[in-house]
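I have placed the structure first, in the form of structure tokens, so that the comments after it can refer back to it.
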Amino acid sequence: MKLPNLLNHGTVSFLATCAVLNVIFVVAYLTTDYSAETTDFLGIGPSSVRGAAQPKQPTPTLEYDISDGVVDVVPGDPRCILIVDEESSKLDDLERQYEGNTELGVGDAESYSLGPCLYYYPMRNKPELGYIKDIDWFHFRTSKPTVEARDSCFVKCLDLMEELPITFKLDPGILSAASWMGLAGASRKLLHKFNLDPLYRPEVTQRDMERDDSIRLRPNAMQAAISGGYTDIVKILSKGDYTKEIDEWGRTVEDYVRMVGSPIRPHFAKSILGIHVQDQVPRTGIFDAELAGESEWNRTESEPFDDFSCEFDVIDSEIEDLPYEEFLRDYYLPGRPVVLRNHVSTYPPLSMQKHCSHQMSIEQLERNERCEDNPKLHMMHAENFDEVFGIYNGDPLRGGFRKIKEWFDLKQSWQIFFGSDGSGATMHWHAAAFNILYVGVKEWHITPPLYRGWSGMTAQSVKKKIADEPHSMKCTQMPGDLIYIPDHWGHMTINHGFGIGVAAIVEQRHRYVPGLTK
């Protein structure tokens, strides 16, 4: 813009010049977006920060067709939609196209639904080097569709909801859903523009509790962000105040972050939140490591292994119990893994044969100890599984599964697994799960939901890739141990010696998923 020459016309001209410059400054200020954050994220520029605010671009006026009940939020991206009518036939077509197809869609509504806003984001997406050579990191994809496109979709969808001639009523719990999904931009939008409370939890009556006890498992948005390891969202929701109480037990963000095995790992707690976490000392259970090494079942030849440690809590079931209230408070809501050592008992009364009146651990069986009731008999342990032995219609929630039955109203088919020395499961993730080991020694490496991924690499190759990363934790599971892995944690295992065990995934109907469970 060329300014007129006003400086040669005395005082009046000088004032006029100042007025013109002021107008130019105001126009420039009003047309510039200063909301973009400049905080450096682990050395990465703000434009690359997961969910960072981006400078606004001029948006052309668009007319949206709502006649078919579904609105395309982002022109040219059919994955991003706003649902106006849940009975829309177009929605049915999209569901058939994407749902259940892990390459095109997700196969799991937890990862793409935020109120009426949907983004079909693949649960798995082939990495550039392929599954056999690399890991598909859910939140750090570089191939399309990117995680930035996913987050941007929900931000634009929330904006569009205000523009359309339709009234959308947002449940206050939608902020918990956004935090649960790791949507930094949407969480910021819901917090600042929609003024939602990050500590909101619906009031629960006694009648509600009697009808559905799982309602107690509902996290607020801050707890949801922490349980996912989403440090950037914790920073957004807390507005830098980490000393404010966030739960009914009077605990703060700092308290959650400093818990042993917290999804907010110490490195990121310090670098992003400025919270220093001292060396963590987990609770430990008792196990005879020499006995485990001497057992023929546990003999390992594939690679030397003598690390029987665990970087998160191990509670010895022979010494103390983990009641439901404590599990809910200290592990489920904070999103922390936990191990119950010596938890599996032996020889439950599943038949008419005589049984031992007191519990025995697998360690005692390894030593061939006898039951006081039947000192002449060799003891064994048996569980009846309805999937494998359907004719018996057995209840797997007996014996070693008693604690799971106490924590969750869970009854379903279980997976029985066994494998040779050096076998294992490569990196993957799913809903919360329990794993019980009867025989062998199992090495675990786990990552918080922010760093979850899929791979076709061998478990040993994945171990080399992630073992020394600041977001990774390791734990050795011993015979008789029950291990709880929270929702969406990435995990891989390696058997040291022949291994036998069982596992089950806690399906959505047995736990609360923000934004989904009614």
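Any read-out appearing in this document is the output of simple, stated calculations on the displayed coordinates, not a laboratory observation. Keep in mind that what you see is a predicted model, and the values were worked out from it rather than measured. Cβ atoms come from the backbone with ideal geometry, glycine included; neighbour counts cover every protein chain shown.
A few comments on the model shown:
- Distant-in-sequence amide H partners of R283 (H built 1.01 Å from N, under 5 Å): D313, V314
- Put a plus charge on the Cβ of each Lys and Arg, a minus charge on the Cβ of each Asp and Glu, and nothing anywhere else: the dipole of the range 63-169 about its Cα centre is then about 540 debye.
- Placing unit charges on the Cβ atoms of the charged side chains and taking the dipole of the range 189-257 about its Cα centre, the candidate lying farthest along the positive direction among Q206, V253, Y230 is Y230.
- Among the listed pairs K442/K465; K144/K235; K133/K463; K126/K235; K126/K463, those beyond 22 Å (Cα-Cα): K144/K235; K126/K235
- Net charge of the neighbourhood of S461, taken over other residues with C-beta under 11 Å away and scored Lys/Arg +1, Asp/Glu -1, is +3.
- Cα gyration tensor shape of the range 63-169, rounded if a/c is under 1.5, else prolate or oblate by comparing a/b with b/c: prolate
- Reciprocal mean inverse distance between Cα atoms of the range 129-226 - Kirkwood radius, Å: 15.7 Å
- For the range 260-269, backbone phi angles converted through the Karplus equation (6.51, -1.76, 1.60; θ = phi - 60°) give residue-by-residue couplings of 5, x, 4, x, 7, 6, x, 4, 7, 4 Hz, Gly and Pro being listed as x.
- For the peptides 325-336, 198-209, 218-229, 135-146, residues were scored by their other Cβ atoms within 10 Å and the scores averaged per peptide; the highest-first order is 218-229, 325-336, 135-146, 198-209.
- Residue by residue, the range 271-283 carries 3J(HN,Hα) couplings of 6, 10, 9, x, 9, 8, 10, 5, 3, 8, 10, x, 5 Hz when phi is fed to the Karplus relation 6.51 cos²θ - 1.76 cosθ + 1.60 (θ = phi - 60°); x denotes Gly or Pro.
- Inter-part distance where the range 66-84 and the range 449-506 are each reduced to a Cα centre, Å: 39 Å
- Furthest towards positive pole of dipole, C153, I81, N125, structure part the range 63-169, Cβ charges: N125
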